[in-house]
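Asks: Please see the structure below; I have some questions.
The values are calculated or read from the model by the stated rules, or taken from the named source; none is laboratory data. Because the structure is predicted, anything quoted here is derived from the model rather than measured. As a convention, Cβ positions derive from the backbone with ideal geometry for all residues, glycine included, and neighbour counts pool all protein chains shown. Remember, those area values only see protein heavy atoms, side chains included, never the ligands or the DNA or RNA. Shrake-Rupley method; radii C 1.70, N 1.55, O 1.52, S 1.80 Å.
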Amino acid sequence: MAFFQARPLRAAILSAALLASGAQAADEGAAEYREAIFEAIGGHMSAMVGIIKGEVPHQQDLALHAKGIAALAPVTQHIFPADSYIEGGHAKAEIWSDPETFAERRQNFLEAAAALGAVADSGDQAAFMGAFKTLGGACKGCHDSFRAK
Ligand code: HEC
C-alpha cells in the first residue's frame with residue numbers, strides 16, 4: 001500500500017524536475033519522437049522492398065505496410081516544432097529556414113503515401129508499383145535537401 005501511496009508524490013517530483021530543466025528536455029523528446037516516427041516509416045519501407053525484391057515470400061503483408069506508411073504520413077505534419085532543431089542532428093536547419101520548400105516536399109509525400117494506401121488492396125500490381133516508385137521519389141526528394149547524412 002505504501003508503494004502505491006508514494007507513487008503520485010514521486011511522479012509530481014519528477015514532473016517538477018522536468019519542468020525546471022526547461023526547453024532542452026522538451027527539444028530532445030520531440031527530436032526522439034520524430035526519429036521514432038521515421039524509423040517506423042523506414043521499417044515499413046524496408047519490409048516492402050524485401051517483399052518486392054522477392055527476398056521474403058510475404059506478399060500478403062504488402063498492403064499492411066503500404067497502409068502503415070499512409071497512416072503515419074500525416075504525423076509528419078506535427079513532428080517538426082520550431083524548438084526541435086538539434087545541432088549536429090539529422091534534421092537540417094533548412095527545415096526551419098525554408099519552411100515553404102519543406103512544406104512542399106512534405107505535401108508530395110502525403111499525397112504519394114495516400115495514393116499508395118489507396119491502391120494497397122486493389123490487387124492492381126502495376127498501379128501499386130507505380131505508386132510505390134512515386135513514394136520512393138517523395139522520400140528522396142525531401143531527404144536530399146532536408147536530411148543530414
Ligand atoms: C518532408 C521530408 C521527409 C520525407 C517526405 C521523408 N523523410 Fe525521412 N527523414 C526526414 C528527416 C528530416 C529525417 C531526420 C529526422 C531527425 O533525425 O530528426 C528523416 C529520417 C529518416 C530516417 C532515419 C530515422 C532516424 O533515426 O533519424 C528514415 C529511416 C527515414 N527518414 C525514412 C523515410 C522514408 C522511407 C520516407 C518515405 C516513405 C521518408 N523518410 C520521407 C525527412 C523526410
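Asks: Take the residues in the stretch 27-77 that are assigned to a loop (DSSP other than H, G, I, E, B) and of a type outside the set (A, V, I, L, M, F, W, C), then tell me which one is farthest from the ligand (Cβ to nearest atom). Spell out how you get there, then give the answer.
Replies: Taking the stretch 27-77 and keeping what is assigned to a loop (DSSP other than H, G, I, E, B), we get 53-58.
Remaining after also requiring of a type outside the set (A, V, I, L, M, F, W, C): 53-55, 57-58.
Numbers: Lys53: 15, Gly54: 20, Glu55: 17, Pro57: 22, His58: 18 Å.
The extreme case among them is Pro57.
Asks: If you don't mind, another one. Name the single residue that is nearest to the ligand (Cβ to nearest atom) among those in the stretch 92-121 being touching a helix residue (DSSP H, G or I) at 6+ places or on another chain (Cβ under 7 Å) and not in a helix (DSSP H, G or I).
Replies: Lys92
Asks: Hey, can you tell me all the residues within the stretch 56-87 that are farther than 21 Å from Asp124 by Cα and not β-branched (Val, Ile, Thr)? Can you show your working first?
Replies: So the first thing to find is which residues in the stretch 56-87 are farther than 21 Å from Asp124 by Cα, and the list is 72-87.
Those that are farther than 21 Å from Asp124 by Cα and not β-branched (Val, Ile, Thr): Leu72, Ala73, Pro74, Gln77, His78, Phe80, Pro81, Ala82, Asp83, Ser84, Tyr85, Glu87.
Asks: Also: Looking at Phe102, Phe128, Phe80, can you tell me which residue is open to solvent by less than 80 Å² (accessible area, probe 1.4 Å), in contact with a strand residue (DSSP E or B) (Cβ under 9 Å, 6 or more places away or on another chain) and hydrophobic (A, V, I, L, M, F, W, C)?
Replies: Numbers: Phe102 fails: in contact with a strand residue (DSSP E or B) (Cβ under 9 Å, 6 or more places away or on another chain); Phe128 fails: in contact with a strand residue (DSSP E or B) (Cβ under 9 Å, 6 or more places away or on another chain).
Phe80 is the lone residue from the list that is open to solvent by less than 80 Å² (accessible area, probe 1.4 Å), in contact with a strand residue (DSSP E or B) (Cβ under 9 Å, 6 or more places away or on another chain) and hydrophobic (A, V, I, L, M, F, W, C).
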